Amino acid sequence: MESARVAGFGTSIFSEFSRLAVQHGAVNLGQGFPDFDGPKEIAQAAIDAINGGVNQYAVGQGAPQLRAAIAAHAKRFYGQVLDPATEIGVTSGATEAIFDAVLALTNPGDEVVLFEPFYDSYLASVQMAHAVPRFVRLRAPDVTHAQWWLDDAELAAAFTSKTKLVIINTPHNPTGKLFTRAELERIGELTRRAGAVLLSDEVYEHLVFDDGKHVRPATLPGFSDFTLTVSSGGKSFSFTGWKVGWHLGRRELVAAVQKAHQWVTFCSAAPFQAAIGKALELPDSYFQGFVESYTQKRGFLSAALTKAGFEVLPCAGTYFLMARTDRHRKAGEDDVAFCRRLLVDHGIAAIPPSVFYSPEHASHVHGMARFAFCKTQPVLDAAADRLAKL
Ligand code: PMP
Ligand code: GLN
């Protein structure tokens, strides 16, 4: 009955582990969603929009007020100047923007460069479009590398005459890596040479720690010609269920993505667009407080994991910690089996990172687990208690 397009798909790991966490009463540090709401006035803005009659289809490309707010936000944080009429489009979350972009920018058989570990929807989108993934591995920190790093020869070899799209994610889920300017310049050079498009997924753009700086690739010299930036309101404003996403860049790129969008969802939810427009206009103090609060959560969970015997890898951005599990892993146990046991026997849900790899490279992270720290203090306290008993 199923088409070949979907027949190979299992249930998303996030759905599976969230369901298991409820079933076993586990502390859920798996799926990346906050267990608290975003700013009250933004929730109120959505309620006001509903009560004020913003309940019919929005303009397909995105409510003009939201597109204006996205343009103002891009100018405020990155000095980017965009025409909201032609250079910005709105979708149902970043997930839809990515799917639409893959549909709009590749033909069957074209190649898409993905960096492993990759956010899982990238590969599914590529597969549904009958494009071909080409993987480049981010390598874990080691004695000579303080951060996750790329092998340049492997990177260059991933580009061929068929490369049409390159998808990067910075700050990066699940590693917490910020791509450096030098890495981005090299990726950009290869993308330009291939005549491909660089899709930059920046949904964690406001989750950058320790005075680090998020470099928006589209703002590097020459990049605006071939870069499509994707982001969304889910993480930055703690309303992941609202699913308001956007993409920005050269008008031809945005128009192509919008062609797919008009037949995928046509428009994203109107009252939430109104509220996210207000959220993007929140003062700098909101974004500073956001980073401070997450810095505290990161520190707390990192200390609890370290105390419990995990080796926590550096996290410069996002709300995820990757940790080596070797001290607790049984012989022969891979990351999926370990995370299942951690959940069922010890009441802690974490995500096995091999789901962010192609099957041939999954074994590289069998000794790791991803822990989300977008949780309230009582939940983090409960996690620390359970970790202490391991
Ligand atoms: N990209 C990355 C890297 C993510 O982690 C996520 C999930 N939170 C998304 C995209 C999806 O974003 P949205 O909820 O806006 O669709
Ligand atoms: N991005 C979230 C994560 O990485 C999950 C989003 C989803 O479940 N689709 O945990």
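Quick check, is Ala362 part of a helix (DSSP H, G or I), at pLDDT below 95 and open to solvent by less than 20 Å² (accessible area, probe 1.4 Å)? So Ala362 fits the description; yes. Note on the range 80-98: residues that are more than 23 Å from Lys177 (Cα to Cα), open to solvent by 40 Å² or more (accessible area, probe 1.4 Å) and out of contact with any Lys or Arg (no Cβ under 7 Å at 6 or more places or on another chain) amount to 2.
Could you please find all residues in the range 9-26 being in contact (Cβ under 8 Å) with a residue 40 or more places away in the chain and either under 20 Å from Ser125 (Cα atoms) or open to solvent by less than 60 Å² (accessible area, probe 1.4 Å) (or both)?
Selection gives Phe9, Ser12, Ile13, Phe14, Phe17, Ser18, Leu20, Ala21, Gly25, Ala26.
For first residues located in the range 148-160 and free of Cβ contacts under 8 Å to residues at least 60 places away in the same chain and more than 14 Å from His364 (Cβ to Cβ), partners that are of a type in the set (Ser, Thr, Tyr) and assigned to a helix (DSSP H, G or I) and lie 6+ apart or on another chain with Cβ distances below 9 Å form the pairs Phe159/Thr191.
In summary, Gly79 fulfils each of the numbered conditions (1) within 16 Å of ligand 2 (Cβ to nearest atom); (2) at pLDDT 95 or above; (3) over 30 Å from Pro378 (Cβ atoms) with the single exception of condition (1). Show me the helices (runs of 4 or more DSSP H) entirely contained within the range 92-185 in which 3 or more residues are under 21 Å from Tyr204 (Cα atoms). Once the helices (runs of 4 or more DSSP H) in the range 92-185 are filtered for at least 3 residues that are under 21 Å from Tyr204 (Cα atoms), what remains is 93-105, 120-128. Restricting attention to the range 296-322, the residues being open to solvent by 40 Å² or more (accessible area, probe 1.4 Å) and either over 25 Å from Pro171 (Cβ atoms) or within 16 Å of ligand 1 (Cβ to nearest atom) (or both) number 1.
Looking across Lys259, Lys278, Lys297, one residue alone is in contact (Cβ under 8 Å) with a residue 60 or more places away in the chain, basic (Lys, Arg) and closer than 30 Å to Asn107 by Cα. It is Lys259.
Counting only residues that are more than 26 Å from Ser121 (Cα to Cα) and in contact with a strand residue (DSSP E or B) (Cβ under 7 Å, 6 or more places away or on another chain), the range 72-106 holds 1 of them.
Residues are listed down the side, and each one gets a yes or a no for (1) within 16 Å of ligand 2 (Cβ to nearest atom); (2) open to solvent by 20 Å² or more (accessible area, probe 1.4 Å); (3) in contact with a Lys or Arg (Cβ under 7 Å, 6 or more places away or on another chain):
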{"position": "Pro108", "(1), (2), (3)": "no, yes, no"}
{"position": "Val113", "(1), (2), (3)": "no, no, yes"}
{"position": "Tyr119", "(1), (2), (3)": "yes, yes, no"}
{"position": "Tyr122", "(1), (2), (3)": "yes, no, no"}
{"position": "Ala131", "(1), (2), (3)": "no, no, no"}
{"position": "Val136", "(1), (2), (3)": "no, no, no"}
{"position": "Asp142", "(1), (2), (3)": "no, yes, no"}
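Of all residues in the range 264-285, exactly one satisfies the criterion of being acidic (Asp, Glu) and either assigned to a helix (DSSP H, G or I) or in contact with a Ser or Thr (Cβ under 8 Å, 6 or more places away or on another chain) (or both), namely Asp284. For the range 323-333, does any single residue satisfy the condition of being open to solvent by less than 30 Å² (accessible area, probe 1.4 Å) and within 19 Å of the chain's Cα centre (by Cα)? Yes, the conditions are met somewhere in the range 323-333.
The values are calculated or read from the model by the stated rules, or taken from the named source; none is laboratory data. None of the values given here were measured: they were computed from a predicted structure. A quick note on method: Cβ atoms are made from the backbone with ideal geometry, for glycine too, and the neighbour counts reach across all protein chains shown. Surface areas here come from the heavy atoms of the whole protein model, side chains and all, with no ligands, DNA or RNA. Shrake-Rupley method; radii C 1.70, N 1.55, O 1.52, S 1.80 Å.
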